[in-house]
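In what follows, a single structure is set out as C-alpha cells and then discussed.
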Amino acid sequence: MEAVDFVILLLHPLVATVFGFWLYRHWSTIKAIRLKRGGAWSRIRNRNRKEIIAEHERQGRWALPAILGVILLAIFADIHRYVNLDAEVSDLFSLHGWLGITLAILTFYMTRTGKRIVKQREEKSSNAKMKGIHQRAGNLMLALLIAVMFLGFLRAVQIIQP
Ligand code: HEM
Ligand code: HEM
C-alpha cells in the first residue's frame, strides 16, 4: 500500500473520530443543563441557560450534513479499495457500516424532533412529549455512536494490516 492509499483510507476514520467527539460533547452539554453534574456541567455552569440551548439548536442542525460527509468519505475510500486495491465486493460491507447508516437515520430523526420542539415552543403549545422523544432518541444515539466508533477502530485495524 502506498502513502496516498493510506491517506485516502484514513480520511474517513480521522474525520469520523472528530465528529464522534463533537457529537458526544453536543449531547453531554445539553444533558448537563438538567443533571447539573459532571465535566460538562463544570464547563457551562456560569453560562446562561437560554444561550446554551440556542447554541444546541444552532449546532445540532450541522449534525446531519456532518454525518453524511463522514459516510461520503467512507464510500470514497471503499470505491478506491475496490477499483485500485483489488478488494472484493463483500469486503466493502460491514456491521460497522450498517450501524453507521442507522446512526445517520437517527441523526435525521434527532434534527426533525429538535426542530419540532422549537416550532411548538414558538407556537406556545406544549412540547413536553416531543422533548421526551428527542431526549430518549438522543440517549439511544449515544449508545449507537459508541458501538459504531468501537467497531470503526476494529475495521481500521483490519483494513490497514497487510
Ligand atoms: C444530533 C443532534 C442532536 C442531539 C444528539 C440532541 C440531543 C438532545 C438531548 C439529549 C436533549 C435532552 C436533554 C435533557 O436530558 O433534558 C435535547 C434537548 C433539546 N434539543 Fe436536541 N439534540 C440534537 C439536535 C437538535 C436540533 C437540531 C434541535 C433544534 C433545531 C434541538 C433542539 C433541542 C431543544 C429545544 C431541546 C430542549 C432543551 C430544553 O428546553 O431543556 N436538538 N437534545
Ligand atoms: C460517526 C461515525 C461513523 C460512521 C457514520 C461511519 C460509517 C461508515 C460507513 C457507512 C462505512 C462504509 C461501509 C464499510 O466499508 O463497512 C464505513 C467504513 C469504514 N469506517 Fe466508519 N463510520 C464512523 C466512524 C468510524 C471510526 C471512528 C473509524 C475508525 C477510527 C471508522 C473506520 C472505518 C473504516 C476503516 C472503514 C472502511 C473504509 C475506509 O478505509 O475508510 N469509522 N464507515
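Are there any pairs with C-beta distances below 7 angstrom linking a residue in the stretch 105-118 that is under 13 Å from Gly132 (Cβ atoms) to a residue that is among the polar types (S, T, N, Q) and crowded, with 17+ Cβ neighbours inside 10 Å, with the two at least 6 apart or on different chains, and if so which? Once the first residue is under 13 Å from Gly132 (Cβ atoms) and sits in the stretch 105-118, its partners that are among the polar types (S, T, N, Q) and crowded, with 17+ Cβ neighbours inside 10 Å give Ile117/Asn127.
Run down Ile101, Ile159, Ile117, Ile105 and say which single residue is modelled with pLDDT under 95 and either within 9 Å of ligand 2 (Cβ to nearest atom) or more than 15 Å from Ala16 (Cβ to Cβ) (or both). Quick ask: steps written out before the conclusion?
Numbers: Ile101 fails: modelled with pLDDT under 95; Ile117 fails: modelled with pLDDT under 95; Ile105 fails: modelled with pLDDT under 95.
Sole residue among the options that is modelled with pLDDT under 95 and either within 9 Å of ligand 2 (Cβ to nearest atom) or more than 15 Å from Ala16 (Cβ to Cβ) (or both): Ile159.
Please work out which residue is farthest from the chain's Cα centre (by Cα), limiting yourself to the stretch 84-100 and to residues that are in a helix (DSSP H, G or I) and loosely packed, with under 14 Cβ neighbours inside 10 Å. Taking the candidates together, the pick is Asn84. Among residues of the stretch 5-24 that are among the charged types (D, E, K, R) and part of a helix (DSSP H, G or I), none has a Cβ under 8 angstrom from a residue that is near ligand 2 (Cβ under 8 Å from one of its atoms) and modelled with pLDDT of 95 or more at a sequence gap of 6+ or on a separate chain. Pairs are defined by a Cβ separation below 9 Å, a sequence spacing of at least 6 or placement on different chains, a first member in the stretch 41-62 that is small (Gly, Ala, Ser), and a second member that is within 16 Å of ligand 2 (Cβ to nearest atom) and at pLDDT 95 or above; the pairs so defined are Gly60/His26; Gly60/Met110; Gly60/Thr111.
How many residues does the stretch 11-39 contain that are at pLDDT 95 or above and away from ligand 1 (no atom under 11 Å from the Cβ)? Here the count works out to 10.
The values are calculated or read from the model by the stated rules, or taken from the named source; none is laboratory data. Please read these numbers as outputs of a predicted model, since none were measured by experiment. Cβ atoms come from the backbone with ideal geometry, glycine included; neighbour counts cover every protein chain shown.
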